[in-house]
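Notes for the one structure printed next.
The values are calculated or read from the model by the stated rules, or taken from the named source; none is laboratory data. Predicted model only: the values in this text are computed from it and were never measured. Counting neighbours? That spans all protein chains shown, and the Cβs are built from the backbone with ideal geometry, glycine included. Calculation scope for accessible area: heavy atoms of the full protein, side chains included, ligands and nucleic acids excluded. Shrake-Rupley method; radii C 1.70, N 1.55, O 1.52, S 1.80 Å.
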Amino acid sequence: MQKLTVAIDGPSGSGKSSVSKEAARRLGAAYLDTGAMYRAVTWHALDAGTDLSDAAAVEAAVKAADLFISTDPDLELVTIHGTDVTQAIREPFVSEAVSAVATNLAARAELVSRQRAIINAHERIVAEGRDITTVVAPDANARILLTASEEARLRRRGLQLGGTQSAEALEAQVLARDAKDSTVVNFTVAADGVATVDSSDLDFEQTVTAVLAAISAQD
Ligand code: C5P
């Protein structure tokens, strides 16, 4: 099969993880969730008692992190120093802390370099995150910004968390994380040459179809 790198960016709740994973399956490609890498190093820093406001300590923790992430779209597995953190990194305490790591430029540089190495090691891969189309893989065969209205994104995040949080608490959390994240990466406006797919009024299958169409139009 032909070599293929697909880069997909978008805000939380745009559906990018599940849609990217399904697109990878249908393309016979590997799948890289870069957000899971930021989450895993954040979990580890918290577990080690690192002060997240200490930039040098965060940088050191990320550089030393022994991180493994599965790139099989049918095997969700993230380990750090041998500990399986696949579920733990989805906990709200990690979501609340992750921007402190993601806004540390040295930590980002370290993770970007690891992400490029993973992408280069695969013949075919779909990588998703916030800066894949612009920083990690600007030369990808296909680049997509997956967006959705604020209302649609909050509705989806509510479903993902199982409806345990009040709408107001959820809204405050998601919007605060997006606002912090957007101080270092612009994932709301498509860069030159990046196709936008708006999933606000699309269901899952329609979104996957639209993403696959955008990939073949560029590849
Ligand atoms: O995609 P997900 O919501 O799991 O990402 C978690 C966090 O990781 C984001 O809120 C952001 O702070 C960070 N991130 C990033 N760059 C990426 C992917 C994720 O800064 N490429």
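Points to keep in mind about this one:
- Close pairs from the stretch 180-205: first in contact (Cβ under 8 Å) with a residue 40 or more places away in the chain and over 22 Å from Asn141 (Cβ atoms), partner among the polar types (S, T, N, Q) and open to solvent by 40 Å² or more (accessible area, probe 1.4 Å), Cβ under 7 Å, at least 6 apart: Lys180/Thr103; Thr183/Thr103; Val184/Thr103; Thr188/Ser182; Ser200/Ser149; Phe204/Ser18
- Some residue of the stretch 135-149 being touching a residue at least 12 places away in the same chain (Cβ under 8 Å) and farther than 23 Å from Leu32 by Cβ: yes
- Counted residues, the stretch 161-218 - those being within 16 Å of the ligand (Cβ to nearest atom), of a type outside the set (Gly, Ala, Ser) and loosely packed, with under 12 Cβ neighbours inside 10 Å: 2
- Residue count, the stretch 179-219 (criterion: over 18 Å from Ser20 (Cβ atoms) and of a type in the set (Asp, Glu)): 2
- In the set (1) closer than 18 Å to Lys16 by Cβ; (2) open to solvent by 60 Å² or more (accessible area, probe 1.4 Å), Arg130 fails one condition alone, (2).
- For the stretch 144-158, the tally of residues that are open to solvent by less than 40 Å² (accessible area, probe 1.4 Å) and either closer than 16 Å to Phe187 by Cα or assigned to a strand (DSSP E or B) (or both) stands at 6.
- Sole exception among (1) among the charged types (D, E, K, R); (2) modelled with pLDDT of 95 or more; (3) open to solvent by 10 Å² or more (accessible area, probe 1.4 Å); (4) within 12 Å of the ligand (Cβ to nearest atom) for Glu96, by number: (2)
Conditions (1) out of contact with any Gly (no Cβ under 7 Å at 6 or more places or on another chain); (2) away from the ligand (no atom under 12 Å from the Cβ); (3) of a type outside the set (Asp, Glu), marked per residue:
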residue: Ala61; (1), (2), (3): yes, yes, yes
residue: Ala65; (1), (2), (3): yes, yes, yes
residue: Ser70; (1), (2), (3): yes, yes, yes
residue: Leu105; (1), (2), (3): yes, no, yes
residue: Arg108; (1), (2), (3): yes, no, yes
residue: Glu123; (1), (2), (3): yes, yes, no
residue: Val135; (1), (2), (3): yes, no, yes
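- Considering the stretch 13-47, the residues that are small (Gly, Ala, Ser) and more than 15 Å from Asp72 (Cβ to Cβ) include one that is farthest from the chain's Cα centre (by Cα), namely Ala45.
- Residue in the stretch 20-36 that is more than 13 Å from the ligand (Cβ to nearest atom), without any contact (Cβ under 8 Å) to a residue 60 or more places away in the chain and of a type in the set (Asp, Glu) present: no
- The stretch 112-127, residues that are touching a residue at least 60 places away in the same chain (Cβ under 8 Å) and surrounded by fewer than 23 Cβ atoms within 10 Å (Cβ to Cβ): Arg114, Gln115, Ile118, Ile119, His122, Glu123, Arg124
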